[in-house]
Amino acid sequence: MQACITRGVALLLFCGSGVHAQQAPQLQLRTPIRATLPADGMLRYELNLPNRHFVAGRVDQDGVDATVTITGPTGKRVQRSARVGRGGPESFGFATDTAGRYVVEVTPATAGKGGAVRVQLTRSEPVATTPEGKVDQAAAQLYKDTPGAVVGVIKEGKLAFVKGYGAADLTYEMPFTAETPTNIGSSSKQFTGFALALLASRGKLSLSDDVRKHIPELKDFGKTITVRHLLTHTTGYREFINTLIIEGRQVLEGDYIASDEVIKVINRQPALQNEPGAEFNYNNSAFALATIVAERVTGVPFAEWMRNEVFLPLGMTKTWVRANPGQIIPGRSAGYIPGEGGFREVRDLHGSAGAGGIYTTPGDVAKWMHNFKTGELGGPAVIKELSTSFVLNDGKPSNYGYGLFLDTNRGLRRWQHGGNDIAHSSTFVYYPDLDAGYVVFSNYQGVPGGIAGVVADAFFAQHMTMPPRATASATAASGVDVPAATLRRYAGKYEMTTLGGLLLTVEQQGNQLRLQLPGQPALPLRPTSMTAFEVVGAPARITFNAAPDGAVEGITFQQDGQHPGRRVAEQAAVDLATFAGRYFSEELETFYDLSVEGGQLVIRHRRFGPVTLTHTTGDSFSATLPVSQVVFRRDAQGTVTGFDAGNGRARDIRFRKVTP
């Protein structure tokens, strides 16, 4: 059947070196071609495809790091892949929106470094028309020798669709299945929120209690911080993981974090980052503290209490709170990140219980979701607490309950959350009006980010209101065609005021915008309206905010909440040498060294490599981890005396200059 489907679809290979391209034999489905990628050239393939056709393939790299770029008949880029380092496979998959010639180019990711590759077409078929087929094609880039994912669609407490893709464990060649327990990262927060609301309903505590009633050793900042503030990201506490990264902790490489270290981080904090209840600032510290509150009022370890009082009563027999990365979870998925030679296995975050750390399956989540409807455990009052938006001090809703974002998706009410550990990621979506939803769990953050959107469209589009169509001509990719002149107005740099001054760069390439974060590859932006765009390959959205005269003043970046960003004008050159020197933070007991190298200001910590600081405005600079923003301080004579550093959820950490 596959042979019939692919008949007449030709894939032609051309050598990238030299002026005269030489045609090679056609690439047959699942018949690999071995080739040498020139250090200063490319391998070029051509696909002659009909409209509404789907293809997928992979480029296996032998000691070379390659980039795969797909362009369509008009020359517009369709896809670009450079997710895996030397030795791993780079995969591609796309559906055609017009008939014609599609070009696959394989180039060295690092100039001057070529090597052996193996190119293979793994799927070639008409675009799927069934919901199940659409999900299969969205996950086509997950293979038995790559990390994978599991997708579950849930209706009225039952699995309407569930399927695993790729590998749960590469060492033991274990496939991802419906029964594979997987780390869901921050999607765990709803369980912690439910636990505290359940304990309140049983009279063990009040959500209005001062947190220090249960954790008296916490520092008194002169403001009452309640248990409810913990569950709604409105405490004003520093985010402890981000703070430890600035301190020099290699958290993403598995550095140990004790479960009570969050208390030490907060107690060193000189002042709150904001008034309690005044600002939504996504914060793992608060949920880690919530588990300590639960343990103090129950006298039982949080993981044990959750197992006996929440999971087992709901029949969730394959769900655990992983108290530490060494705890054995039978049949669990291992986590992977890109590395030299392919994929590298990594452990989970230490100290993440409460904020993350839950392993579960789609089948168990089906039971959890159905309890939202029935209230069998906890009753309707607890479910209402969990799913009611917190109201900030200024009277505005935060659109966040206790561990759940509360919004609408194309007219349909939605409770949702995403999660990331060092390697694992998750998407959790529940539609309360349907008593239905879906999950996507994976053990690798390079898993195609569009799978969740495909699941929503494939299984729930009939319940949704389609977004209003723009007046511009339609395109098959998104239904919206934004004029090039408008795209030019959107291009620029934006400083994220609630993300520690993180600098986002939006650049125009032809008829497309691309988003660049410091130290990360640029990602395409796909328009959903004339002002709103989704980030292709990431669960995020951007809306451009314009003044009445049409001038673009800033953006709203949506990922784990709404984050405003202001437009930053191009700055005149500054004397970088005035910022060089050694700086020390009493709060973190750590040093940073700044120097000018190759005309750039570079910041160093003894446990991190050099990071370039990019000038944004005045005495402010942007960077990537361990710090995303550095704002220098000067005395009355204009001499630099120190800086305030932040990286999103931890901000305004003071460093003083100790040497020139």
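The values are calculated or read from the model by the stated rules, or taken from the named source; none is laboratory data. Quick caveat: nothing in here was measured; it's all calculated off a predicted structure. Cβ: placed from backbone, ideal geometry, glycine included. Neighbour counts: every protein chain shown.
Key figures for this structure:
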quantity: Residue match in the stretch 553-561 (condition: polar (S, T, N, Q), outside the structural domain of residue 405 (by TED's automatic domain parsing) and assigned to a strand (DSSP E or B)); calculated: yes
quantity: Complete set of residues in the stretch 282-337 that are of a type in the set (Lys, Arg) and at pLDDT 95 or above; calculated: 296, 307, 318, 332
quantity: Check on residue 291, hydroxyl-bearing (Ser, Thr, Tyr) and closer than 12 Å to residue 354 by Cβ; calculated: yes
quantity: Only one of 404, 349, 377, 392 that is closer than 30 Å to residue 242 by Cβ and either among the hydroxyl-bearing types (Ser, Thr, Tyr) or out of contact with any strand residue (DSSP E or B) (no Cβ under 8 Å at 6 or more places or on another chain) (or both); calculated: 392
quantity: Number of positions in the stretch 618-629 that are surrounded by 16 or more Cβ atoms within 10 Å (Cβ to Cβ) and more than 11 Å from residue 501 (Cα to Cα); calculated: 3
quantity: The stretch 274-302, residues that are more than 20 Å from residue 405 (Cβ to Cβ) and touching a Phe, Trp or Tyr at 6+ places or on another chain (Cβ under 7 Å); calculated: 291, 294, 295, 298
quantity: Unmet requirement for residue 78, which otherwise passes all of (1) within 30 Å of residue 345 (Cβ to Cβ); (2) at pLDDT 80 or above; calculated: (1)
quantity: Tally, over the stretch 576-607, of residues that are assigned to a strand (DSSP E or B) and at pLDDT below 95; calculated: 1
quantity: Condition check for residue 631: touching a Pro at 6+ places or on another chain (Cβ under 6 Å) and in a strand (DSSP E or B); calculated: no
